[in-house]
Amino acid sequence: MFSIVRVQIRDMRAFGDYLVGHLPTIGAFGGRFLAAGAMPQPVEGDWPLRRMIVHQWPLAQAFFQWYESSPYVPWRQIRQRAADTDMVLLQGVAPAGPSSASSALPHSGPAATQRPAFAIADVAVHDDAAFARYAQGQAAPLRAAGGVLLAASGHFEVIEGTWQPRRLLLQRWPSLAAYRTWYDSPAYRPWRDLRWKAAQADIALFEGLSEAEKGERSMP
């Protein structure tokens, strides 16, 4: 499970207190940070320039236990006073191998300082058959380029805010450049053209946290 958060901060000092204070509550319930406050780069469509936060959770139950827990509720109230938040809980796909979001990430050495990238798409499908062909056909080029599909189903729940997604897709990439190279590559271009015929998408690209950064900030 992934919690996707878009934040518009109104009180920087209070939100800074929230960021530091609530960190231990995330790890206590099995959550881990993937991205924390990056500004999105719009790729397609209309995407609000709100800071992006992504957490990964072992189960939906773990997320809700954290969200309603006595350690987190006071910090949640501070956040709600300090910022406008859209929050969606998104079901992930079953890991296909060792390149899932939570495995095989470098924890030491130069590679630990590399920031991964995440691409998120809010998709309105108007041709289900064509979109199904796209989803199947683009999978191999995506993997070959280093991308990992984290979530692709329509199973999500709006937790806070006014954002009402249509269908959400979440990908992880080794870097922003890796995603940009794939997006414009000859291998992906025919599938991208098919998607454009089958659906309309709002897509944003943003950086995640390196393992070194999470260690320096004591982030789970």
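What Kirkwood radius, in Å to one decimal, follows from the Cα pairs of the range 22-89?
By the Kirkwood definition, the hydrodynamic radius is 13.3 Å.
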Next on the checklist: For the chain, what are Rg and Dmax over the alpha carbons, in angstrom?
Outcome noted: 17.3, 52
Checklist entry - Counting pairs of alpha carbon atoms under 8 Å apart in space and at least six apart in sequence, what relative contact order in percent does the chain give? => result 32 percent
Next on the checklist: I want to check the label-to-label distance for GLN114 and ALA28. Put each point 7 Å from Cα in the C-beta direction and report it in nm to one decimal.
Outcome noted: 3.6 nm
Item to check | Residue-span extension gain [MET219 to ARG180] - 0.36 nm each, minus C-alpha spacing | outcome: 11.3 nm
Item to check | Built amide H within the under 5 Å cut-off of ARG166, gap 5+ | outcome: VAL123
Checklist entry - At a Förster distance of 45 Å, what's the computed FRET efficiency of ALA129 paired with MET39, Cβ-Cβ distance as r, to 0.05? => result 0.80
Next on the checklist: With a 10 Å cut-off between alpha carbons and a GNM built on the chain, which of GLN114, GLN41, GLN61 moves the most?
Outcome noted: GLN61
Item to check | Charge dipole (the range 174-218, unit charges on Cβ, about Cα centre) - positive-most of LEU209, SER185, ALA198 | outcome: ALA198
Checklist entry - In a GNM of the chain with a 10 Å cut-off on Cα contacts, which of MET87, MET39, MET12 has the highest mean-square fluctuation? => result MET12
Checklist entry - ³J(HN,Hα) across the range 187-197 via Karplus (A = 6.51, B = -1.76, C = 1.60, θ = phi - 60°), whole Hz, x for Gly/Pro? => result 5, 8, 3, x, 6, 5, 4, 5, 4, 4, 6
Next on the checklist: Once R0 is set to 25 Å, what does the formula 1/(1 + (r/R0)^6) return for the Cβ-Cβ distance between SER153 and ALA14, expressed as a FRET efficiency to the nearest 0.05?
Outcome noted: 0.10
Checklist entry - Which order results if ILE4, ILE203 are arranged by neighbouring Cβ count within 10 Å, fewest first? => result ILE203, ILE4
Item to check | Peptides 210-219, 184-193 ordered by average Cβ neighbours within 10 Å, highest first | outcome: 210-219, 184-193
Item to check | Under 5 Å, built H, 5+ apart or other chain: amide partners of ALA151 | outcome: VAL93, LEU170
Next on the checklist: As a test of the formula, what do you get for the chain when each DSSP H run with n ≥ 4 contributes -39,500 (n - 2.57) and the sum is divided by the residue count, at 222 nm and rounded to the nearest 500 deg cm²/dmol?
Outcome noted: -10000 deg cm²/dmol
Checklist entry - Separation between the GLN164 and ASP84 pseudo-spin-labels, each 7 Å from Cα along Cα→Cβ, expressed in nm? => result 1.7 nm
Checklist entry - If amide H atoms are built 1.01 Å from N in the plane of the peptide, which residues on other chains or at least 5 residues away come under 5 Å of the amide H of LEU34? => result VAL54, HIS55, GLN56
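Any read-out appearing in this document is the output of simple, stated calculations on the displayed coordinates, not a laboratory observation. It should be emphasised that the depicted structure is a prediction, and the values quoted were computed from it without experimental measurement. Neighbour counts are summed over all protein chains in view; Cβ atoms, including those assigned to glycine, are modelled from backbone coordinates with ideal geometry.
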